[in-house]
Amino acid sequence: QQIESGHNIDLRTLDGQKIINISEDSISFTISGKQYLSFNNLTNDLEKISAVLDLCSIKNINRIAIRKINIIEFKNNENPSEILNFLINPNLIGNLDFFPDREKINQSIQTINYQDDSNYLNIKYGLNVPAQLKSEIGQLIIDIDLFKQEDIDKNTFTSVLSEINSEIFNIFNWVINDN
């Protein structure tokens, strides 16, 4: 696909589930769907990204991030607030029960943004209950985006990514209900 402004390259696997996007000022790697098993399975992919960094003579990275979007489907024949209470840490739940006609709520997503020095965290969590699927399937969404905005030596980017991944796992465990 032709890009009108700047230079941009997308490298995709045959199934389109893994994408490396290289632009004038960024490199992003996206894994979708069932291709993502765990962070530990990314060694080969991270080595390939490191080779691209070497090829481009990139020695420092000034922003590094991991974003994980967890979508948990459930049969949508329950009260949305009951589903939310069962799946999400009770301390994080809004009071859906106080809304009139709460069975008509199609979406209830909370957004939280943190910043601590050069570390940033965006968390979105909640329910997506499309009206046209009222008797079919709803979704619990937990979207965690954690990034560092600082100079990181290219040789340490995999260890920094590993730290970020561990922290995302901790955040996920904190967001989800102990049940």
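Just one of Tyr125, Tyr120 is under 13 Å from Ile69 (Cα atoms), touching a strand residue (DSSP E or B) at 6+ places or on another chain (Cβ under 6 Å), open to solvent by less than 70 Å² (accessible area, probe 1.4 Å) and not charged (D, E, K, R); which is it? I'd like the intermediate steps shown before the answer.
Working: Tyr120 fails: under 13 Å from Ile69 (Cα atoms).
Exactly one residue qualifies, and that residue is Tyr125.
What pairs can you find where one residue is in segment 71-96 and in a strand (DSSP E or B), the other is among the polar types (S, T, N, Q) and at pLDDT 80 or above, and their Cβ atoms are less than 7 Å apart, with a gap of 6+ or different chains?
Ile71/Gln139; Ile72/Gln139; Glu73/Gln139; Ile88/Asn177
Considering each residue of segment 27-47, count those that are closer than 20 Å to Ile9 by Cα and in contact (Cβ under 8 Å) with a residue 24 or more places away in the chain, and give that number.
Total meeting the criteria: 3.
Determine, yes or no, whether Ile109 is modelled with pLDDT under 80 and touching an Asp or Glu at 6+ places or on another chain (Cβ under 9 Å).
No.
State the number of residues belonging to segment 167-179 that are open to solvent by 60 Å² or more (accessible area, probe 1.4 Å) and part of a helix (DSSP H, G or I).
Qualifying residue count for the region: 5.
Out of Ile31, Ile49, report the one residue that is surrounded by 10 or more Cβ atoms within 10 Å (Cβ to Cβ) and modelled with pLDDT of 90 or more. Let's see the steps before the verdict.
Values: Ile49 fails: modelled with pLDDT of 90 or more.
Answer to the selection: Ile31.
Please go through segment 55-70 and pick out each residue that is open to solvent by 90 Å² or more (accessible area, probe 1.4 Å) and free of Cβ contacts under 8 Å to residues at least 40 places away in the same chain.
Passing the criteria: only Leu55.
For segment 129-149: of the residues being open to solvent by 20 Å² or more (accessible area, probe 1.4 Å) and within 29 Å of Asn170 (Cα to Cα), which is modelled with the lowest pLDDT? Write out each step before concluding.
From segment 129-149, those open to solvent by 20 Å² or more (accessible area, probe 1.4 Å) are 130-137, 139, 141, 145-149; that's our starting set.
Still in the list and also within 29 Å of Asn170 (Cα to Cα): 137, 139, 141, 145-149.
Working: Ile137: 78, Gln139: 84, Ile141: 90, Asp145: 96, Leu146: 96, Phe147: 94, Lys148: 94, Gln149: 94.
Step by step, filter segment 129-149, then rank; the result is Ile137.
The values are calculated or read from the model by the stated rules, or taken from the named source; none is laboratory data. Note that the coordinates shown come from a computational prediction; the quantities given were computed from them, not determined experimentally. When we count neighbours, we look across all protein chains shown, and the Cβ atoms used for this are built from the backbone with ideal geometry, even at glycine. Note: accessible area is taken over every heavy atom of the protein model, side chains too, but ligands, DNA and RNA are not part of it. Shrake-Rupley method; radii C 1.70, N 1.55, O 1.52, S 1.80 Å.
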